[in-house]
Amino acid sequence: MDDNLTTPSIDLKGRRILAVDDDRINLRIIGGILRHEGYEIAEAASGEQALEAYATFQPNLVLLDVMMPGIDGFTTCRTLKKAYGDKCAPVIFVTAKSEADDVVMGFDAGGVDYLTKPFRPKEVVARIRTHLSNQQLVEQQKHLVDQLSKANAAKDRFLGMCAHDLRNPLSSIRGLAELLDENAIGELTPEQKEIIQTIHGASQSMLQLVNELLDVATIEAGHMKLDKAPTSVVEIVERSVHLSNIEAAKKNTRIEMVNAKGDPMVDVDRNKIRQVVDNLISNAVKYSPKGSVILVTIHAESTTAGFSVTDNGPGIPDSERHKLFKDYGRLSAMPTGGEKSTGLGLAICRKIIEAHNGTIGVENLPGRGAQFYVSLPLYK
């Protein structure tokens, strides 16, 4: 973790308290108790004065008498809460009574606690310290969250820059390996061909990782833009199935499309949804035994349409379901052909589908296999 992520210790000295009471003696008593604890005190003799003093003094806590001439303590508290909202300092009511009705009315008005007269110094100090400590802990948490958010944004920028700088040379390595494998500069020996194919496979895996890192950095930075248009689900799925079958043939695996729902239309970014289809089909091939049949089924309901991908893999262990669709969420199951997995693909799919106001999920099938499904709002 970043060494600059620090949580300050709790020190309440210098915290500002606004004491409001129409009785000067009570103000002197409470002021003496609190100044002795190191607090900075401002005083007001009425609700009207309290509202003016609050604006200039900006207290960390308000001690507010209930019964005062003019607007009473409850009305003063409601006015402060309305004016300052969530940023309003906590209000502790001060009352000569301790009846349940007064306490309930104080909480209903927005107070966090109450003190009774005559004051008991130890109780006053303890209650105020508790609320100021809680307030400071919340402030520290907000400060830490802000630091973590900045660190996370810096991490995303760093990953994005690294991935961007790596993509071009990796693409060149892959392209050159393809040229060599096609005997573009002369016939290769079997040993040379094997080495070239290894280079090609490694560069392809690295390029996939780089592209996924770029996708994650873009999405986390809030820069993912959707170019939505009415699109045929069948058209997207058909093209993905056709191209994926070329790669699946290497494992003697076949991908079949099943469509009994006509040609439903969805309003989506075609390329982004294609990315989801490709990823789910690729995973199905990756984790299914060689010679399997992968089914990609079109579905449509009254308000949604989408597709599902059914594989013949080991399914998703219940103990690992929480890892699905999360960044770097790798499961214990291993690809059946030694393929590489970054653990980012399903997380990217989830973020893309959620950006389209759709849903993505998975169900284990009886016996063996899993079915991933995607539903998107139907275009009307």
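Readers should treat all values here as calculations from the given coordinates under stated rules, not as data from a laboratory. Computed from a predicted structure; not experimentally measured. With ideal geometry, Cβ positions are generated from the backbone for all residues, glycine too; neighbour counts draw on all protein chains shown.
What FRET efficiency, computed as 1/(1 + (r/R0)^6) with R0 = 22 Å and r the Cβ-Cβ distance, is obtained for TYR379 and HIS242, rounded to the nearest 0.05?
Values: r = 23 Å, r/R0 = 1.06.
So, using R0 = 22 Å, E works out to roughly 0.40.
Under 13 Å from the Cβ of LEU18, count the other residues' Cβ atoms, weight Lys and Arg +1, Asp and Glu -1, and hand me the total.
Values: positive: ARG15, ARG16; negative: ASP21, GLU40, GLU43, GLU52, ASP65.
Result for the local shell: -3.
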Antiparallel versus total DSSP beta bridges in the chain: what percent is that, nearest 5? 50 percent
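What is the sum of charges, Lys and Arg at +1 and Asp and Glu at -1, for the other residues whose Cβ falls under 15 Å from the Cβ of ILE30?
On the way: positive: ARG15, ARG16, ARG24, ARG28, ARG35, LYS117, ARG120, LYS122, ARG127, ARG129; negative: ASP21, ASP22, ASP23, GLU37, GLU40, GLU43, ASP65, ASP113, GLU123.
Spelling it out: positives minus negatives among the neighbours equals +1.
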Give me the percent of DSSP beta bridges within segment 250-333 that run antiparallel, rounded to the nearest 5. 50 percent
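Got the relative contact order for segment 228-377 handy, in percent, Cα pairs under 8 Å and 6 or more residues apart? Working shown, then result.
Values: 294 pairs, mean separation 35.0, N = 150.
Relative contact order of segment 228-377: 23 percent.
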Shape parameters for the chain, alpha-carbon atoms, Rg then Dmax in Å: 32.4, 103
Zone of ALA355 (label point 7 Å along Cα→Cβ, backbone N under 19 Å): which residues in segment 191-222? 208-222
Shape descriptor, segment 192-257: equivalent ellipsoid semi-axes (Cα gyration tensor, sqrt 5λ, whole Å, largest first) stand at 28, 23, 7
With label points built 7 Å along Cα→Cβ from the Cα atoms of LYS82 and VAL104, find their separation and express it in nm. 2.3 nm
In segment 16-119, what percentage of the DSSP-assigned beta bridges are antiparallel, given to the nearest 5? 0 percent
Segment 16-119: relative contact order in percent, alpha carbon pairs under 8 Å with at least 6 residues between: 25 percent
With label points built 7 Å along Cα→Cβ from the Cα atoms of ARG35 and LYS193, find their separation and express it in nm. 9.5 nm
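Note down the magnitude of the dipole of segment 228-377 about its Cα centre, charges +1 on Lys and Arg C-beta and -1 on Asp and Glu C-beta and zero elsewhere, to the nearest 20 debye. Write down the numbers at each step before the final one.
On the way: 19 positive and 16 negative charges, 97 e Å.
That gives a dipole near 460 debye.
Kindly provide the helix-only [θ] at 222 nm of the chain, computed as the sum of -39,500 (n - 2.57) over DSSP H runs of four or more divided by all residues, to the nearest 500 deg cm²/dmol? List each step's numbers first, then the result.
Working: 9 runs with 183 residues, N = 380.
Mean residue ellipticity, 222 nm, calculated: -16500 deg cm²/dmol.
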How high is the relative contact order of the chain? Use alpha-carbon pairs under 8 Å, at least six apart in sequence, and give a whole percent. 10 percent
Full-extension gain between THR303 and LEU166, please, as 0.36 nm times their residue separation minus the C-alpha to C-alpha distance. 45.1 nm
